[in-house]
């Protein structure tokens, strides 16, 4: 018997290997690497039949108005798509690895084919040979082209079959140049976009590079016969007079001149320069025109620039997109009704290939085309569509379909009986609660109402009329320990900013109404002062006091970032990330016997001894530099170190608590030093959305500003921190000017922090004649982690800002329903609606609520 | 009177055009949100703004807008809030919910308000008058959204008599829809009742002490006859324009009440259009309310002549 079993096992292994073949994708499985990786189909006879109506009653503050996958613009508009769409590949909990008898909770996940019939097959070699239009590099042997077979039972909700041509037609429409679809960029920009999509989408347009970012000096350029400067073998250079510049935060020079005029700029030649601008707002870069520009940007000392900075206002012609570019050159085609071929400009595989790389915004072509409308405008015309804006113009290919919709009021979904997913082999799963097998999507209907007021949501929830309630700050004390409470972490980290714009601070102190005998703005520029502030704030206590749903923030990246989605590995769990924290907070590993985890766990952000030491140091420095005085000789600063908090709105409870807590903690940290009781964070007048500009230009000093990035791309977030155009401190601290060194494969590599960030994200960077690229798929993951952790550490020790809180939310779940997993998973949350199970059907629930007197206890 | 009405109508059209042009230009002068340079969507948005003609001179844009409205009654498509949808259809689709809630509210409030005002005036300087007047002052001083939250908490949550939200659907005159509107109607009514009570009481109190009322009584009319035939008629010179105003307000909607009870009306439309810089929705709602406001003032002015023939409209004497 044993021999027979062994033989069968060997045979099974051989068959499965053969099935994968050399070109097949290995299924992606996260979590525990042991165990079974394949979906184990469940015998349909084992599936428990669930009777009754199960209506998921949801509330939103804003209802979707346009869920057209080509044009939607907000997260609210994504809401219906969660129920009405499907994908080629999807994620499920890896329940097959947890046998019924164990009833272990789900831990990992796996990617499985959904609309695809099987995993993708690498066809790089054949596509390279047969389709030269895709320009697959001669050296490439894999990862550039993938074939996907579609299931043969795919249907729209009206029963119309979905074929490969629908996918191709949908991509063509989202990219169609005249439609100018908002979502087009999702499918032509970035690593995961199919090849040549951008050429098609931007056909007829020209693109320019922002030289403020590129940094090509005028001396490095050459002039052509017309006297216009060129770069890179003849590409033309322009002056960006009324053209958006990244380093100006997307604004134009013209916008700045309009706003500040003679207060900041030389205006004598401005009109002459502006008159030369073409329809894109560009002026040919010649010596004469540069002289005009120079007279604008350097004539007024208030703007504070010289000719050496003129290069920042130049736009470098990059390319023009052929107006007649044909979609057949774009990297998605259908060799057959049930087969798609995706072609990429770089090698892709695994998780990213099957999720981001094969994401096509499917639309029902005939309906879509019938709803397109061309509107005449002052500039010609523009196209719009009412596709997916009401029941009649919607089409579903997901588990639910829209059955009723009232603008700004409500939306109702019922099961889509024509969804192919009801036949997916993974649609049945074993519930770890009871060990029985169920079909996913027990919810029979979804009823979504607009409920704008949290108090109304709460009352409805307590009356059993909603499935969940997002807790408000005042609710936490009452419900934090409820068994129905769920905390959900988020990516955003909130930082306390410091102003380092020396010239602006000097200007503010020179103002007539500034009282230098009692107030000081300059001390906040001292690193010692900032370090003292950084270790004076107990992060967890602050979160608990100010915003109970949130928790302490300690670094640029919080604990939700996954650096390897194939294994669900968290960046914050890596040794590199832990060491960055230990270094920043000056933790001595020896105190913890070298235990890195224990050292990290000990960090609270509060270190009173160091705080006192650094405040004392800062006080002495401030005295020496004349920032503060001690004329009465009492050992205390005569001035209060003041930081103006940029208020976006009126004073609220959150602001009041934030300011009170920060002032209290900072002054406690400074106790016993010359700054005791002499630190004040004071609110500005409300400035609306201008708060960020006020911080960037040094007019205001601080705020609890948030930053986040994609949870699956911690490496990409480094681009944001190090970009002076995006950073709050871009006017006085530039990551391009600060070097760092990382030991890579035994060699110390030194370049600017910004260059490391660029190289880390796949942009080749040349330093001393050597090209570096540490992008995904190019460099080893450990090397990439080393670089990212060092960038993070460098940004922390720059003390432009101090991480304070990490965003999170807390909610209650109705007693009518339960999640099959308790722990939050960034990829699958707690399973979503496909895994949600009901304790009561509608009839039973109504009786239960009535038995509780109409008001439930949580 | 006809000449006066025609003259006012002509002026009304001039004022309407001036307001429309001013609003058209002012909303476009608000800067479009800065496009994040790192966002790949920025390029498409920039191209779309260009295609939409936002960079053309304001008067060129206004010319095309006016031409479309006048020749085709085409108010354009929404670009932000309801992408691609006809703004007129959106506006007209949302008006009924606002109108019906407000209609129920004033149908309930005006009779009650006037009745309480009459009662208080007739019982002047008694505890009844004091009670009504005090209550009126309290109610007027408290914003309607406070009542909304209290009503929702007591009647919807604690007692469970009414649903929390207005019912979905367009069966405006069905019983379930009516029941679902009651909390919103009640919330809107308190202030209106108090307003009419106060106005009616004040006017009637003054009229009741007039000499002609004494004359009426000396001629043998009962107090009720004198009050109904003479006093009320006189104080309606002030009350009727208020009633007109309330009916015109039907079209306006209350942002906060609609929000609390999920009334899918026009309450927040103009504000959202300004916030989202959805030009076409803003211009349509501005034009609509401007036209309604101007027409209302004309109707109210003309109504004075009908209510009190002593008032001569357009007369230079």
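Normalised by the number of residues in the stretch B:88-307, the average gap of Cα pairs under 8 Å and 6 or more apart makes the relative contact order 30 percent. Of the beta bridges in the protein assembly as shown, as assigned by DSSP with both residues counted there, near 85 percent are antiparallel. Extending 7 Å from the Cα toward the beta-carbon at both residue A:697 and residue A:685 defines two label points whose distance is 1.5 nm.
Of the residues A:566, B:211, the one with the fewest other Cβ atoms within 10 Å heads the list, and the complete ranking is B:211, A:566.
Pairs of C-alpha atoms in the stretch A:65-210 farther apart than 20 Å represent 65 percent of all such pairs.
Entry note, the stretch A:647-749: relative contact order of 20 percent, from Cα contacts under 8 Å with a spacing of 6+ residues.
Full extension of the chain between residue A:142 and residue A:503 yields a length gain of 124.5 nm, computed as 0.36 nm times the residue separation minus the alpha carbon distance.
For the stretch A:781-813, backbone nitrogen atoms closer than 17 Å to the point 7 Å from residue A:478 Cα along Cα-to-C-beta are found at A:810-813. Taking Cα centroids, how far is the stretch A:557-599 from the stretch B:233-286 in Å? Distance between centres, Cα-based: 57 Å. Each residue of the stretch A:250-299 gets 78 Å³ once the volume of the Cα convex hull is shared out per residue.
The relative contact order of chain A, computed from alpha carbon pairs under 8 Å that lie at least 6 residues apart in sequence, is 15 percent.
The share of Cα pairs per 5 Å bin across the stretch A:435-475, counted from zero up to the longest distance, runs 5, 17, 24, 16, 12, 11, 9, 5, 0 percent. In this simple spin-label model, placing a label point 7 Å from the Cα along the Cα-to-Cβ direction at both residue A:858 and residue A:824 gives a separation of 1.6 nm.
Packing, taken as the mean count of other beta carbons within 10 Å per residue, orders the peptides A:825-836, A:214-225 from highest to lowest as A:825-836, A:214-225. Principal-axis analysis of the Cα atoms of chain A puts helix A:608-625 at an angle of about 40° to the longest axis. Shown is the FRET efficiency for residue A:390 and residue B:292, computed with R0 = 30 Å from the Cβ-Cβ distance and rounded to the nearest 0.05: 0.60. By the compact-protein rule of thumb, 2.2 N^0.38 Å, the alpha-carbon radius of gyration of the stretch A:758-824 corresponds to a ratio of 1.85.
In angstrom, the C-alpha Rg and Dmax of the protein assembly as shown are 34.4, 125.
For the pair residue A:843 and residue A:404, the difference between a 0.36 nm per residue extended length and the Cα-Cα distance amounts to 155.8 nm.
The Rg/Rh ratio of the stretch B:88-307, with Rg taken over Cα atoms and Rh as the Kirkwood radius over Cα pairs, comes to 1.04. Computed over all pairs of different Cα atoms, the Kirkwood value for the hydrodynamic radius of the stretch A:737-792 is 11.0 Å.
Among A:311, A:351, B:247, the order by Cβ neighbours within 10 angstrom, fewest to most, reads B:247, A:311, A:351. Just to confirm the number: angle between the C-alpha axis of helix A:653-669 and the first principal axis of chain A, 0 to 90 degrees, nearest 10? For A:653-669 against chain A, the angle is about 60 degrees. Centre-to-centre, using Cα atoms only, the stretch B:194-214 and the stretch A:496-529 are separated by 64 Å. All Cα-Cα distances of the stretch A:211-283, cut into 5 Å bins from zero to the largest, leave 3, 15, 21, 22, 22, 12, 4, 1 percent in each bin in turn.
Based on the convex hull around the alpha carbon atoms, the stretch A:152-305 presents an average projected area of 13.3 nm². Any chance you could give the angle, 0 to 90 degrees and rounded to 10, that helix B:2-29 forms with the longest Cα principal axis of chain B? The angle comes out near 40 degrees.
Look at the stretch B:80-92: the mean tally of other chain Cβ atoms within 10 Å of its residues' Cβ atoms is 5. Please report how far the C-alpha centroid of the stretch A:732-805 lies from that of the stretch A:172-205, rounded to the nearest whole angstrom. If we compute the Cα centre of each part, the gap is 31 Å. Secondary-structure-derived ellipticity at 222 nm for the protein assembly as shown, considering helices only, amounts to -11500 deg cm²/dmol, per-run term -39500 (n - 2.57) for DSSP H runs with n ≥ 4.
Fewest neighbouring Cβ atoms within 10 Å first, the residues A:374, B:79, A:790 line up as A:374, A:790, B:79. Eigen-decomposition of the gyration tensor built on the alpha-carbon atoms of the stretch B:8-91 gives equivalent ellipsoid semi-axes of 29, 15, 11 angstrom, largest listed first.
Normalised by 2.2 N^0.38 Å, where N counts its residues, the alpha-carbon radius of gyration of the stretch A:719-853 equals 1.71. Shape descriptor for the stretch B:75-145: Rg over Rh equals 1.32 (Cα atoms; Rh from the Kirkwood inverse mean 1/r). In µm²/s, what is D for the stretch B:68-203 at 25 °C and 0.890 mPa s, where D = kT/(6 pi eta Rh) by Stokes-Einstein and Rh is the Kirkwood radius from Cα pairs? The calculation lands on 141 µm²/s. The mean number of partner chain beta-carbon atoms within 10 angstrom of a residue's beta-carbon across peptide B:152-163 is 3. Report the Stokes-Einstein translational diffusion coefficient (µm² s⁻¹, integer) for the stretch A:795-858, Rh taken as the Kirkwood radius over Cα pairs, at 10 °C with viscosity 1.306 mPa s. Diffusion coefficient, whole number: 104 µm²/s.
The modelled label-to-label distance between residue A:625 and residue B:15, using points 7 Å beyond Cα along the C-beta direction, is 6.1 nm.
Readers should treat all values here as calculations from the given coordinates under stated rules, not as data from a laboratory. Predicted model, so just to flag it, every value in this text is computed and none were measured. Using ideal geometry, Cβ is built from the backbone for each residue, glycine included, and neighbour counts are taken over all protein chains shown.
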